[in-house]
Amino acid sequence: MTTDLMTSIKDEQEKAQKHIQEQGLRVLVCAGTGCVANGSLKVIEKFKELGANVSTLTDYDKVTIVPTGCHGFCEQGVLVIIPDKHVTYVKVKAEDVEEIVESHIKNNTPVERLLYTDPKSGEHVHKNDDINFYAKQTRTALANCGKINAESIDEAISVRGYEALANIIEKNDPDWVIEEITKSGLRGRGGGGFPTGSKWKFTAANKGGKSYVVCNGDEGDPGAFMDRSVMEGDPHKLLEGMAIAGFAVGADEAYIYVRAEYPLAIKRLRKAIADAEERHFLGKNILGSDFSFTVHIKEGAGAFVCGEETALLASIEGERGMPKSKPPFPANKGLFGRPTLINNVETLANVPVIILRGADWFSSMGTENAKGTKTFALTGEVNNTGLIEVPMGTTLREIIFDIGGGIRGGKKFKAVQIGGPSGGCLTEEHLDLPMDYDTLKSVGAMVGSGGLVVMAEDTCMVEVARFFMNFTKNESCGKCVPCREGTKNMLKILEKIVKGKGEMKDLEILEDLARTVVDGSLCGLGKTAPNPVLSTLKYFKDEYIAHIRDHKCPAGVCTAMKKISINPELCKGCTKCARTCPVGAIEGTVKNPHKIDQNKCIKCEACLNACPFKAIGKE
């Protein structure tokens, strides 16, 4: 092994940083999946077209357009950041580019209409750091996302990429690496929050033959895109984290299991692996040492259950993705029967930063039992949706009302569903609870992978429970009876209630079924599937009772309980409603008040939207 390994990597960093300096004015354009869908590739092409002629620039003789990963502020895409000009532009379209180039790049006059507008002050904000969405975050796993070209290994090296790997290879002490991860307090970021250092110790204890590292990138929660953003925006950080893990536990081969619905992530990971192998950060005899580490990509077919580690391993092996009983645990007998370390993307992305900055630095953030930061996908009825990263222990109030900018349209906050489809729904009384594993578990929720769905006053919580139960029922692999039959029967009861046909005894049956599924299911999908039902029964039982006893949906959402009627005093008999009704439920003659046959009405509201006299209303 090279004796001056750290000197060599520092030289690489200096070359990479010099290369970036030679790029002149860097224009960072988000090229994550969300912004690509909003037209960022056209924005990039327009910038390249107009930036080619820079002879009239006063401060720079060169402009470089840098396609980056996700910036996180998805609500405002396409995002364009010009660091040297201290500006962030939002909702940029290709037709806006010429104005940015002529007004700002050439003449230092910002394009005000493309700046972010603070919803409270109404003032334009120039820099990311001054936008509440960003200012309130602490980024570790996402530190480089949106700041570097995700497809350039030189840009990754310029921000200390692979320095941690060189460090541990030069130190050549796997036990020290495991101890540092243990001291940091890092816990698994993919679901249950198992201590990462402990998992590494268990796997390392079985080394002596072939072993594997597996990265779980099977992000199946509806609306979740935390892992995807890391894979798209900073793939080298993930690969470095995997290599460090492999060195620590004695593994020389790895798989990244990523769903095929993430084509951009797969493309960038493949390029990153090839570039890292060419530069000797992966492959045989890494950086001239005895350590070898090969990384493969396995594309998953989209089954939610494959996020469970034993089902994931079965899928890599070519079998049907179904969970297996434990023990044996993967650390003892995992992929192809060999000891296997499984961590998710975000967990592994934290590893290089911990090695570089130290366990004490990482553990200084968060709470006593939950150290560091956590990424969350903030969605739903909140003004600022997007991807965020905050210290563990940050409250829901800070996330929703500071970072998220409050509830859309001035509505009242009602609930937040935490932890993906198997998470629980919490209320206003929980807004000041610290977001960590143990606290959330104590109130019937979970950190999970990090999905946060914010709901306003016009959300029906019974329908929310039905929606998520429908998802988990469909995603059950069917192997064990409690999950297969329990989720199906819970869904039947919920559908019965939202159709106005529920009975009070259904609530007791529903809760008993939920407890049975929790206690009897084989894997984490089944054991957590009833959480939305149990939490809504606990905190919103009055809504269930209103559906059953009063045949009324308090939020006015459940179609079967709506009643659409015509006010005879306002109806002019124009017949427009009758001609619009798709089922012939409206009766009446010209110039006389009409009536709706409630037995035929399907509550589609077509008549309500068609009436020019506002004579039709709903209850």
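A few comments on the model shown:
- One residue alone among ILE407, ILE403, ILE355 is in contact with a Phe, Trp or Tyr (Cβ under 9 Å, 6 or more places away or on another chain) and either in the same structural domain as LYS538 (by TED's automatic domain parsing) or touching a residue at least 60 places away in the same chain (Cβ under 8 Å) (or both), and that residue is ILE403.
- Counting only residues that are assigned to a helix (DSSP H, G or I), farther than 22 Å from ALA546 by Cα and touching a Gly at 6+ places or on another chain (Cβ under 8 Å), segment 473-500 holds 7 of them.
- PHE281 being in a loop (DSSP other than H, G, I, E, B), at pLDDT 95 or above and buried (at least 22 other Cβ atoms within 10 Å of the Cβ): yes
- Near pairs, Cβ below 7 angstrom, 6+ apart or cross-chain, from segment 501-527 (under 19 Å from GLY419 (Cα atoms)) to any residue that is assigned to a helix (DSSP H, G or I) and basic (Lys, Arg): VAL518/LYS527; SER521/LYS527
- Residue satisfying condition, being crowded, with 24+ Cβ neighbours inside 10 Å, at pLDDT 95 or above and not in a loop (DSSP other than H, G, I, E, B), within set LEU312, LEU341: LEU341
- Residue match in segment 268-282 (condition: aromatic (Phe, Trp, Tyr) and over 17 Å from the mean Cα position of the chain (by Cα)): yes
- Scan of segment 551-576 for residues that are charged (D, E, K, R) and part of a helix (DSSP H, G or I), ordered by number: LYS576
- Residue count for segment 518-550, restricted to those that are part of a helix (DSSP H, G or I), modelled with pLDDT under 90 and of a type in the set (Ser, Thr, Tyr): 1
- In segment 115-142, residue modelled with the highest pLDDT [restricted to those that are part of a loop (DSSP other than H, G, I, E, B) and closer than 15 Å to PRO83 by Cβ]: ILE131
- Single residue of segment 316-332 satisfying the filter (farther than 21 Å from GLY188 by Cα and either in contact with a Ser or Thr (Cβ under 9 Å, 6 or more places away or on another chain) or small (Gly, Ala, Ser) (or both)) that is surrounded by the most Cβ atoms within 10 Å (Cβ to Cβ): GLY321
- Counting only strands (runs of 3 or more DSSP E) that fall entirely inside segment 362-419 and contain at least 2 residues that are of a type in the set (S, T, N, Q), in contact with a Ser or Thr (Cβ under 8 Å, 6 or more places away or on another chain) and on the phi < 0 side of the Ramachandran plot, the qualifying elements are 373-380.
Listed here are the residues, each with its yes/no results for (1) closer than 24 Å to ASP227 by Cα; (2) in contact with a Cys (Cβ under 9 Å, 6 or more places away or on another chain); (3) among the hydroxyl-bearing types (Ser, Thr, Tyr); (4) not assigned by TED's automatic domain parsing to the domain that holds THR385.
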position	(1), (2), (3), (4)
GLY72	yes, yes, no, yes
ILE82	no, no, no, yes
VAL87	no, no, no, yes
VAL90	yes, no, no, yes
VAL97	no, no, no, yes
HIS104	no, no, no, yes
GLU112	no, no, no, yes
THR117	no, no, yes, yes
GLY122	no, no, no, yes
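- For the residues GLU219, GLU253, GLU179, the requirement of being closer than 17 Å to GLU299 by Cα, acidic (Asp, Glu), without any contact (Cβ under 8 Å) to a residue 60 or more places away in the chain and not assigned by TED's automatic domain parsing to the domain that holds ASN474 singles out GLU253.
- Scanning segment 174-199 for residues that are farther than 26 Å from GLY526 by Cα and either charged (D, E, K, R) or in a helix (DSSP H, G or I) (or both) gives PRO174, ASP175, TRP176, VAL177, ILE178, GLU179, GLU180, ILE181, THR182, LYS183, SER184, GLY197.
- Residue within segment 61-78 that is in contact with a Phe, Trp or Tyr (Cβ under 8 Å, 6 or more places away or on another chain), in a helix (DSSP H, G or I), at pLDDT below 95 and on the phi < 0 side of the Ramachandran plot present: yes
- When the residues of segment 83-116 are filtered to those that are of a type in the set (Ser, Thr, Tyr) and surrounded by 14 or more Cβ atoms within 10 Å (Cβ to Cβ), the one that is nearest to THR385 (Cα to Cα) is TYR116.
The values are calculated or read from the model by the stated rules, or taken from the named source; none is laboratory data. None of these values were measured; they are calculated from a predicted model. We place every Cβ from the backbone using ideal geometry, glycine too, and count neighbours over all the protein chains shown.
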